[in-house]
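This report refers to the structure that appears directly beneath it.
The values are calculated or read from the model by the stated rules, or taken from the named source; none is laboratory data. What you see is a predicted model, and the numbers here were worked out from it, not measured in a lab. Here the Cβ positions follow ideal geometry from the backbone for every residue, glycine too, while neighbour counts run over all protein chains shown. Just so you know, the surface numbers come from the protein's heavy atoms only, side chains and all, with ligands and any DNA or RNA stripped out. Shrake-Rupley method; radii C 1.70, N 1.55, O 1.52, S 1.80 Å.
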Amino acid sequence: MTSPRTHLQKQLRISVDKLYVGGEELLTEIEEGLNTCRIENPRVGFQGTAGSFGEQAALEYFSSGYAEMKNYRGFDDVLSAVASGEVDYGVLPIENSTAGDVLEVSDLIVQYNLYIVGEHTLRIRHNLLALPDAKLSDITQVYSHIQALNQCRQFIREHPGLEDVPYANTALAAEYISRKGDKSLASIGSIRCSELYNLKVLASDIQTVKNNFTRFIIIAKHMVLSPECNKISIAFSTAHSSGSLHSVLSHFAYNGLNLVKIQSRPRLDEPWEYLFFVDIEGNVEDANVLIALGRVRAQSSFFKLLGNYIHHGE
């Protein structure tokens with residue numbers, strides 16, 4: 001008896017063969033994803049150290065079972081660990097509701113042959129952290145990740161004596177303040193950071209926009225596809241000609257697909273060319289999605305299917 005999965009794979013191949021030419025590579029990616037399941041008791045990599053928002057997102061996303069957490073200094077280190085098999089999943093910030101996209105992550109995900117298999121939205125609450133004997137009037141420099149500094153820009157402006165200093169990560173910044181032992185220094189980070197590194201909270205919820213959220217993506221070596229997957233992420237580059245982007249995007253509209261986000265970034269390997277990152281609603285097992293992706297791929301000088309995963313809504 002033919003299994004439902006085998007039948008579905010045959011139907012996908014028939015759809016691709018009939019609807020557009022040149023889709024074999026895309027179809028192979030999809031078929032591999034159909035045969036992949038989420039790993040139980042996984043090894044999970046995140047950027048930063050204990051107390052970082054990346055660790056918090058990883059702990060919340062993988063809360064249903066045991067997961068071994070491993071921290072890495074840079075975003076590229078997390079992706080490299082996933083690619084080499086050192087960890088099963090990577091957790092990376094991709095977008096903040098007030099500061100916008102994490103551009104370094106956007107650039108990196110097209111360089112690795114990896115996929116987005118999930119996402120997790122984390123509410124961010126920033127706090128000014130300093131040594132236990134420090135007062136706000138003592139602080140002259142505040143350290144944190146550039147995204148956190150941007151999200152607290154109004155607070156920093158309201159205190160003219162504060163010089164903001166970008167640092168690799170919010171938790172690493174808190175660790176640095178604790179280690180330096182200088183009460184003129186502070187960091188911006190979570191309450192957990194204050195507990196882990198014996199720091200005092202000088203000011204709470206200092207983010208400019210109180211409803212502040214960061215969306216994290218979950219990265220793996222293979223797609224993990226199911227009928228419940230309802231969000232697709234792709235990256236592509238179009239020809240440098242009038243109307244080329246409109247022509248590519250029209251395939252989503254013609255096939256009844258809702259485009260929920262588009263972002264452009266310069267191509268690092270091709271001066272004056274741009275990559276477009278697009279999120280659409282849909283599942284790659286649907287024929288109209290296959291048609292749209294196949295035609296976008298055919299009209300693109302570069303195309304990468306970044307993933308098809310479950311979006312739970314805000």
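Side notes on the structure shown:
- Antiparallel %, DSSP beta bridges [both residues in the chain], to 5: 75 percent
- Here the Karplus curve 6.51 cos²θ - 1.76 cosθ + 1.60, taken at θ = phi - 60°, turns the phi angles of the stretch 26-33 into couplings of 4, 5, 4, 4, 5, 4, 5, x Hz, with x standing for Gly and Pro.
- Of all accessible heavy-atom area on the stretch 28-125, the percent that carbon and sulfur account for (1.4 Å): 43 percent
- Label selected from (1) 71, 49, 32; (2) 56, 45, 36; (3) 55, 43, 41, the criterion being Cα extents along the principal axes in Å as computed here: (1)
- Charge sum, other residues only, whose C-beta stays under 15 Å from Tyr89's C-beta, Lys/Arg counted +1 and Asp/Glu -1: -4
- Under 28 Å from the Cα of Lys231 - lysines, other chains or at least 8 residues apart: Lys10, Lys18, Lys70, Lys210, Lys221, Lys261, Lys304
- For the stretch 75-82, putting each phi into the Karplus relation 6.51 cos²θ - 1.76 cosθ + 1.60 with θ = phi - 60° gives couplings of 4, 5, 5, 5, 5, 5, 5, 5 Hz, in residue order, rounded to whole numbers and with x for Gly and Pro.
- Separation in nanometres of the label points that stand 7 Å from Cα toward Cβ, at Asp76 and Arg123: 3.6 nm
- Using a probe radius of 1.4 angstrom, the carbon and sulfur fraction of the accessible surface of the stretch 166-314 is 52%.
- Förster radius 30 Å - calculated FRET efficiency between Asp182 and Phe302, Cβ distance, rounded to 0.05: 0.05
- Applying 1/(1 + (r/R0)^6) with r as the Cβ-Cβ distance of Thr140 and Leu59 and R0 = 45 angstrom yields a FRET efficiency of 0.85.
- Theoretical FRET efficiency, 1/(1+(r/R0)^6), r = Cβ-Cβ of Asp286 and Arg43, R0 41 Å, to 0.05: 0.80
- Computed over protein heavy atoms with a 1.4 Å probe, the accessible surface of the chain works out to 46 Å² per residue.
- The stretch 177-188 - phi-based ³J(HN,Hα) in whole Hz, Karplus 6.51/-1.76/1.60, Gly and Pro as x: 4, 4, 6, 5, x, 10, 6, 8, 10, 9, 9, 10
- In the chain, the DSSP-assigned H stretches of four residues or longer account for a calculated mean residue ellipticity at 222 nm of -9500 deg cm²/dmol, using -39500 (n - 2.57) per stretch and the full residue count as denominator.
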